[in-house]
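Just below is one structure, and these are the notes that go with it.
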Amino acid sequence: MNIRKAKQEDTKNIIKIIESVHINNVKNRDNGFLASKDLSESTYERMIKNYDYCYVCELEDRVVGFLIAASIDLMDKKSEIYSLLLGKNLSKDFIYIFQIGVDVNFQRMGVAKSLYAKLFEETEGKRLVVITSKDPFNKASRELHLKLGFKDIDVFEWTDGTESFVYNKKDHRNDL
């Protein structure tokens, strides 16, 4: 398993993973799902270019997972999530984990844990914040984040009425 910084040419593979585990495409949600509304290449290319923590996991030269995260100062200031996170008094210095995804054929094989290990290594001492779906419930994501030491801090209601759990994690030096 090789974890490396994501490159622009990884965008199509990342989108394929998202589509394969998207809530609209999975019949069995036991292994989790992603609920992204914007799957455009330009959005993911922009994040890979501008966000400071974007990784892919490769197995046998195939991208099988990804993690995208950013310092608060790199986030879109007009986004709903930016307003939410600033309103939670988390501090002005934290990393928001935008998304983590693993190809359906490689789930529960340590890919997500390996991606997080890389993030923990590069962000030691910084607060990490992630949101997972409460409605509809994403049990696999919730269990993963709690197992990795994230703590519940709130439930957020989006403007469309759906809800998400908000978690944070401060000390991740010795977690994996």
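No lab work stands behind these numbers, since they all come straight from the coordinates. Keep in mind it's a predicted model, so treat the numbers as computed, not measured. Because the Cβ atoms are built from the backbone with ideal geometry, glycine has one as well, and the counts that use them run over all protein chains shown.
What percent do you get for the relative contact order of the chain when only Cα pairs under 8 Å and 6+ apart count? Can you show the working numbers first?
Details: 291 pairs, mean separation 37.0, N = 176.
Relative contact order for the chain comes out at 21 percent.
How many nm separate the modelled label positions at V155 and E60, each set 7 Å beyond the Cα in the direction of the Cβ?
4.3
Using every pair of alpha-carbon atoms in the stretch 2-169, split the distances into 5 Å bins beginning at 0 and state the percent of pairs per bin, rounded to integers.
1, 8, 19, 22, 24, 17, 7, 1, 0
Calculate the spin-label point distance for Y82 paired with E19, positioning each point 7 Å from the Cα along the beta-carbon direction, and give it in nanometres.
Label-label distance for E19 and Y82, simple model: 2.9 nm.
A 20 angstrom limit on the alpha carbon distance is what I want to check against. Which of K27/K139; K37/K78; K16/K77; K7/K27; K7/K118 exceed it?
Check vs 20 Å cut-off fails for K16/K77; K7/K27.
Work out, step by step, the length gained on full extension between M1 and K113: first 0.36 nm times the residue separation, then minus their alpha carbon distance; give nm to one decimal.
Stretched fully, the M1-K113 segment lengthens by 39.2 nm.
Quick one: if you stick a label point 7 Å off each Cα along the C-beta vector at D52 and K126, how many nm between them?
0.4
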